[in-house]
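Since the structure comes first, as structure tokens, the remarks are kept for the end.
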Amino acid sequence: MKNRKIMKCIKIKQYGKAENLVYENEKVPSISDHEVLINVKAIGVNRPDILQRLGLYYPPPDASLIPGLEVSGKIVQIGKKVKNFKVNQKVCGLVHGGGYAEYCKVHENHVLPIPKGLNYIEAAGIPETYFTVWAKLFDIGKIKKNQRLLVHGGSSGIGTTAIQLAKIIGCEVITTVADKNKAIFCKSLGADLAIIYKKEDFFKKILDYTKNKGVNIILDMIGKSYFSKNLKLLSDKGKFISIAFLSGSKVQLDLALILKKRILITGSTLRPRTIEEKTKIAKSVKKFCWPLFEKKTIKPIIYKTFKLKDAVKAHKLMESSKHIGKIILLNKN
């Protein structure tokens with residue numbers, strides 16, 4: 001690294017609209033003994049980035065105020081106690097914040113070598129999405145072969161990942177999407193049923209499809225408007241796993257339904273978890289997913305790329321929900 005002290009990055013000028021993202025200078029972050037500094041080549045755009053910009057998702061006290069939770073690039077500096085990585089190694093990583101920048105620091109245990117055969121753009125679409133799905137469906141949901149999974153928002157980065165991983169282990173997957181093109185794409189990934197929620201009542205459709213048996217696990221990012229129907233769709237000992245609440249977080253809950261079906265309602269966010277918890281997830285994802293990436297059995301779904309300085313356009317695209325899979329920002333340095 002050529003002793004660079006200043007880098008370009010995206011900052012949030014003030015909470016609100018996408019235009020409040022500004023392309024500015026900032027000091028290159030300094031690293032601790034257990035961190036590496038990455039010259040960032042590509043950055044995944046995620047819903048929490050949008051929420052942070054809106055002032056609805058505050059970074060943890062020890063995190064960078066610069067948005068961005070997943071990056072890929074080349075290591076340019078390693079901490080004194082880092083043993084498993086070296087300078088110039090191509091990697092991707094889950095970051096605590098600070099991803100929308102030319103340089104980003106990452107804890108060594110949250111960095112992974114880029115899977116063989118994948119480029120920087122594809123690798124940038126892995127960490128936040130695959131770590132999240134693994135934590136929700138596998139760690140919390142204990143998903144198993146032959147279970148029936150309902151994924152709301154199947155064409156999102158999370159949705160396309162959940163469909164692929166659930167099908168790999170032999171689950172039946174139902175998903176809801178906005179239009180025909182998204183339905184076709186989700187079925188190409190393996191979804192057994194893709195429901196266009198703007199045209200069909202997903203509740204009735206699923207009950208008919210499952211012969212009133214419902215589903216074992218629901219991965220939900222909608223929240224309030226779907227909550228009641230979701231619980232009614234769950235089978236005995238079913239699990240409702242919340243990942244977001246795009247329609248609102250305040251819901252009405254019928255406890256009788258919980259008792260009758262022995263339903264588990266749970267959820268979590270990835271960013272505030274401890275270093276140790278995220279390290280465990282990283283190891284599990286690498287062990288399970290890396291061979292599948294390298295065999296081309298699964299893949300990060302990339303929809304469109306933008307230059308880092310055009311982050312405003314990337315956020316607007318995500319908010320339009322017209323994309324399928326991941327939106328990626330690129331550094332041309």
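Every number here is computed from the coordinates shown, using simple stated rules; none is lab data. Computed from a predicted structure; not experimentally measured. Cβ atoms come from the backbone with ideal geometry, glycine included; neighbour counts cover every protein chain shown.
Over its Cα atoms, what ratio of radius of gyration to 2.2 N^0.38 Å does the chain give? Let's see the in-between values first.
Values: Rg = 19.8 Å, N = 333, 2.2 N^0.38 = 20.0 Å.
Normalised Rg, Cα atoms only: 0.99.
For each of V177, V87, V285, count neighbouring Cβ atoms within 10 Å of the residue's Cβ, then give the residues from fewest to most.
Numbers: V177 27, V87 12, V285 22.
Least to most surrounded, the residues fall as V87, V285, V177.
Could you work out [θ]222 nm for the chain from helices alone, using -39500 (n - 2.57) per DSSP H run of at least four and dividing by all its residues? Round to the nearest 500 deg cm²/dmol.
Values: 10 runs with 96 residues, N = 333.
Estimated from H runs of four or more residues: -8500 deg cm²/dmol.
Just name one of G190, P127, L207: the one whose Cα is farthest towards the positive end of the charge dipole of the chain (beta-carbon charges, Lys/Arg +1, Asp/Glu -1).
The Cα lying farthest towards the positive end belongs to G190.
Tilt of helix 157-168 relative to the longest C-alpha principal axis of the chain, in degrees (0 to 90, nearest 10)?
60 degrees
Against the longest alpha carbon principal axis of the chain, how many degrees, from 0 to 90 and to the nearest 10, is the axis of helix 224-233 turned?
That works out to roughly 50 degrees.
Given axes a ≥ b ≥ c from the Cα gyration tensor, I'd like to know whether the range 130-267 is rounded (a/c under 1.5), prolate (a/b larger than b/c) or oblate. Provide the component values of the computation, followed by the final result.
On the way: a/c = 1.36, a/b = 1.21, b/c = 1.12.
Because its axes are fairly even, with a/c under 1.5, the range 130-267 counts as rounded.
Using the Cα centre of the range 24-156 as origin and beta-carbon charges of +1 (Lys, Arg) and -1 (Asp, Glu), tell me which of L149, C104, V76 is placed farthest towards the positive end of the dipole.
Of L149, C104, V76, it is L149.
Taking the Cα-to-Cβ direction at F288 and at K142 and moving 7 Å from each Cα, how far apart do the two end points lie in nm?
1.4 nm
For the range 319-331, what does the Karplus curve 6.51 cos²θ - 1.76 cosθ + 1.60, with θ = phi - 60°, yield as ³J(HN,Hα) per residue in whole Hz, taken in order and with x for Gly and Pro?
5, 6, 6, 8, 7, 10, x, 9, 10, 10, 9, 10, 9
Mind checking which aspartates and glutamates have their Cα closer than 16 Å to the Cα of K211? Skip sequence neighbours fewer than 8 apart in that chain.
E172, D192, D201, D236
Taking amide H atoms as placed 1.01 Å from N in the peptide plane, list the residues 5 or more away in sequence, or in a different chain, whose amide H sits under 5 Å from that of V215.
Amide H neighbours of V215: L234, S235.
Relative to the longest principal Cα axis of the chain, at what angle does helix 275-294 sit, 0 to 90 degrees, rounded to 10?
Tilt of helix 275-294: around 80 degrees.
How do V45, V36 line up, fewest other C-beta atoms within 10 Å first?
Working: V45 31, V36 25.
Fewest-to-most Cβ neighbours within 10 Å comes out as V36, V45.
List residues of the range 87-129, by number, whose backbone nitrogen lies under 11 Å from a label position 7 Å along Cα→C-beta of S32.
107-108
Report the Cα centroid-to-centroid distance between the range 296-333 and the range 229-269 in angstrom, as an integer.
Between the Cα centres of the range 296-333 and the range 229-269 lies a distance of 31 Å.
Would you give the gap between the C-alpha center of the range 1-45 and the C-alpha center of the range 128-186, rounded to a whole Å?
Cα centres, the range 1-45 to the range 128-186: 31 Å.
If we count other beta carbons within 10 Å of each Cβ, what is the order of I217, I140, fewest first? Could the numbers behind the result be given before it?
Values: I217 26, I140 16.
Ranked by crowding around the Cβ, least crowded first: I140, I217.
Straight-line reach from K74: which aspartates and glutamates have Cα under 12 Å away, leaving out those fewer than 8 places along the same chain?
The qualifying aspartates and glutamates are E102.
Rounded to the nearest 5, what % of DSSP beta bridges with both residues in the chain are antiparallel?
For the chain, the DSSP antiparallel bridge percentage is about 55.
Residue separation times 0.36 nm, minus the C-alpha to C-alpha distance between K295 and I168: what's the value? Walk me through the numbers before you get to the answer.
Numbers: separation 127, 0.36 × 127 = 45.72 nm, distance 1.28 nm.
Extra length from K295 to I168 when fully extended: 44.4 nm.
Give me the number: length gained by fully extending K307 to K81, i.e. 0.36 nm times residue separation minus the C-alpha to C-alpha distance, one decimal in nm. Working shown, then result.
Details: separation 226, 0.36 × 226 = 81.36 nm, distance 3.37 nm.
So the chain would gain 78.0 nm between K307 and K81.
Suppose every K and R has +1 on its Cβ and every D and E has -1 on its Cβ; what is the size of the dipole of the chain about the Cα centre, in Debye to the nearest 20? Numbers along the way, then the final one.
On the way: 61 positive and 27 negative charges, 101 e Å.
The calculation lands at about 480 debye.
Using the Cβ atoms and a cut-off under 13 Å, what net charge is assigned to the surroundings of G79, where Lys and Arg are +1 and Asp and Glu are -1?
Net charge in that neighbourhood comes out at +2.
Suppose R0 equals 25 Å; then what is the FRET efficiency for K5 and E277 from their Cβ-Cβ distance, rounded to the nearest 0.05? Walk me through the numbers before you get to the answer.
Values: r = 33 Å, r/R0 = 1.33.
Given R0 = 25 Å and the Cβ-Cβ separation, E is 0.15.
For the range 130-267, what does the relative contact order come out to in percent, with C-alpha contacts under 8 Å and a separation of six or more?
Dividing the mean separation by the residue count of the range 130-267 yields 20 percent.
Report the gain in length on full extension from A63 to E19: 0.36 nm times residue separation, minus Cα-Cα distance, nm rounded to one decimal. Write down the numbers at each step before the final one.
Values: separation 44, 0.36 × 44 = 15.84 nm, distance 2.28 nm.
Extra length available between A63 and E19 comes to 13.6 nm.
Filter K80/K304; K144/K232; K180/K287; K8/K313 down to the pairs with a C-alpha to C-alpha distance above 26 Å, please.
Working: K80/K304 37 Å; K144/K232 21 Å; K180/K287 35 Å; K8/K313 17 Å.
The pairs that break the limit, which is 26 Å between Cα atoms, are K80/K304; K180/K287.
Could you work out the relative contact order of the chain, using alpha carbon pairs under 8 angstrom and six or more residues apart, expressed as a whole percent? Could you put the intermediate results ahead of the total?
Details: 736 pairs, mean separation 59.0, N = 333.
This gives 18 percent for the chain.
Just name one of S249, F138, S228: the one whose Cα is farthest towards the positive end of the charge dipole of the range 130-267 (beta-carbon charges, Lys/Arg +1, Asp/Glu -1).
Towards the positive end, the residue furthest out is S228.
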